[in-house]
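*Asks:* This is the structure I have questions about; it appears just below.
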Amino acid sequence: MANNSQFGFQDASSPIMEELVEFHDHALMVALAICSLVLYLLTLMLLEKLSSNTVDAQEVELIWTILPAIVLILLALPSLQILYMMDEIDEPDLTLKAIGHQWYWTYEYTDFKDLTFDSYMIPTIELPPGHFRLLEVDHRVVVPMESPIRIIVTAGDVLHSWAIPTLGVKTDAIPGRLNQTSFITTRPGIFYGQCSEICGANHSYMPIVVESTPLTHFEKWSSLLSS
């Protein structure tokens, strides 16, 4: 959950988000080195006396041609690695289907029989004390922690987007099409997200809440809900 005046990312709760934060820091350090070098060269140009002599500088031209290529390689390799990790879905323990509607979500646990429910935002006047305004829902998505979860996302009317920042998940919900992604929660907790697509006037009023619990608690919850 983000705090007031927070400038950084939320605490990572999945391996993918940890990799994304690490890559962000890596790219930021590369950008900092480039800016420092450019600032140093600009300072030299302002302080040094101007010279009208034009000389060949093949070594310098070679350096500023090869150096950007090396920088791009240093950014591209970890980026491609994370991209393939995000697309990899290998034998998930649980498959969840999320269907976006105006303006609520429908969830189907495809590995269970008749385990389906709608998730609406709780109005402010009905919000219990201590809960977050515009983020809490009447039915949370409960998943077992430390288990690979595959989520299939689609929409029933217009474009939506299923996004949980702390899990590093953001998948578009397109009518007539199934998109899928996966995540693993590394710790128990409650993770909040919202529809990240402008799907209409009330698109900010269809939040997403994922509750990560130990496997034994998840089994008790699923048995109670499906009975």
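The values are calculated or read from the model by the stated rules, or taken from the named source; none is laboratory data. In this text the structure is predicted, and so the values were computed from the model without any measurement. Because the Cβ atoms are built from the backbone with ideal geometry, glycine has one as well, and the counts that use them run over all protein chains shown. Surface areas here come from the heavy atoms of the whole protein model, side chains and all, with no ligands, DNA or RNA. Shrake-Rupley method; radii C 1.70, N 1.55, O 1.52, S 1.80 Å.
*Asks:* Only one of these is buried (at least 18 other Cβ atoms within 10 Å of the Cβ) and assigned to a helix (DSSP H, G or I): PHE191, PHE218. Name it.
*Replies:* Numbers: PHE191 fails: assigned to a helix (DSSP H, G or I).
Sole residue among the options that is buried (at least 18 other Cβ atoms within 10 Å of the Cβ) and assigned to a helix (DSSP H, G or I): PHE218.
*Asks:* Related question: Which pairs have Cβ atoms under 8 Å, sit 6 or more apart or on different chains, and link a residue in segment 193-210 that is small (Gly, Ala, Ser) to one that is open to solvent by 60 Å² or more (accessible area, probe 1.4 Å)?
*Replies:* Final answer for the pair search is GLY193/PRO165; SER196/LYS170; GLY200/GLN102; GLY200/TRP103; SER204/GLN194.
Let's see how each residue does on (1) surrounded by 19 or more Cβ atoms within 10 Å (Cβ to Cβ); (2) within 21 Å of THR110 (Cα to Cα); (3) small (Gly, Ala, Ser):
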{"site": "ILE149", "(1), (2), (3)": "yes, yes, no"}
{"site": "VAL153", "(1), (2), (3)": "yes, yes, no"}
{"site": "VAL158", "(1), (2), (3)": "no, no, no"}
{"site": "THR186", "(1), (2), (3)": "no, no, no"}
{"site": "TYR205", "(1), (2), (3)": "no, no, no"}
{"site": "VAL210", "(1), (2), (3)": "yes, yes, no"}
{"site": "LEU225", "(1), (2), (3)": "no, yes, no"}
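*Asks:* Got a sec? Which of PHE23, PHE112 is more than 26 Å from ASP157 (Cα to Cα), of a type in the set (Phe, Trp, Tyr) and in contact with a helix residue (DSSP H, G or I) (Cβ under 9 Å, 6 or more places away or on another chain)? Step through it out loud before you land on a result.
*Replies:* Values: PHE112 fails: more than 26 Å from ASP157 (Cα to Cα).
The unique qualifying residue is PHE23.
*Asks:* Tell me which of these VAL21 doesn't satisfy, since it passes every other one: (1) among the hydrophobic types (A, V, I, L, M, F, W, C); (2) under 21 Å from ILE190 (Cβ atoms); (3) assigned to a loop (DSSP other than H, G, I, E, B).
*Replies:* (3)
*Asks:* So, in segment 167-180, of the ones that are in a strand (DSSP E or B) and over 19 Å from GLY156 (Cβ atoms), which residue ends up least open to solvent (accessible area, probe 1.4 Å)?
*Replies:* Taking segment 167-180 and keeping what is in a strand (DSSP E or B), we get 169-173, 175, 179-180.
Cutting the leftovers down to over 19 Å from GLY156 (Cβ atoms) gives us 169-170.
Details: VAL169: 8, LYS170: 126 Å².
Once the filter is applied, the top-ranked residue is VAL169.
*Asks:* Let me ask something additional. Only one of (1) in contact with a strand residue (DSSP E or B) (Cβ under 7 Å, 6 or more places away or on another chain); (2) open to solvent by 90 Å² or more (accessible area, probe 1.4 Å) is not met by THR95, so which one is it?
*Replies:* (2)
Here's the yes/no breakdown for (1) outside any loop (DSSP other than H, G, I, E, B); (2) in contact (Cβ under 8 Å) with a residue 60 or more places away in the chain; (3) within 26 Å of PRO15 (Cβ to Cβ); (4) among the hydroxyl-bearing types (Ser, Thr, Tyr):
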{"site": "GLU108", "(1), (2), (3), (4)": "yes, no, yes, no"}
{"site": "LYS113", "(1), (2), (3), (4)": "no, yes, no, no"}
{"site": "PRO128", "(1), (2), (3), (4)": "no, no, no, no"}
{"site": "VAL143", "(1), (2), (3), (4)": "yes, yes, yes, no"}
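*Asks:* Okay, next question. Would you mind telling me which numbered condition in (1) open to solvent by 50 Å² or more (accessible area, probe 1.4 Å); (2) hydrophobic (A, V, I, L, M, F, W, C); (3) over 19 Å from the mean Cα position of the chain (by Cα); (4) within 24 Å of MET17 (Cα to Cα) MET86 fails?
*Replies:* (3)
*Asks:* Is there a residue being within 30 Å of SER182 (Cβ to Cβ) and either among the aromatic types (Phe, Trp, Tyr) or surrounded by 10 or more Cβ atoms within 10 Å (Cβ to Cβ) (or both) anywhere in segment 39-58?
*Replies:* There is no residue in segment 39-58 that is within 30 Å of SER182 (Cβ to Cβ) and either among the aromatic types (Phe, Trp, Tyr) or surrounded by 10 or more Cβ atoms within 10 Å (Cβ to Cβ) (or both).
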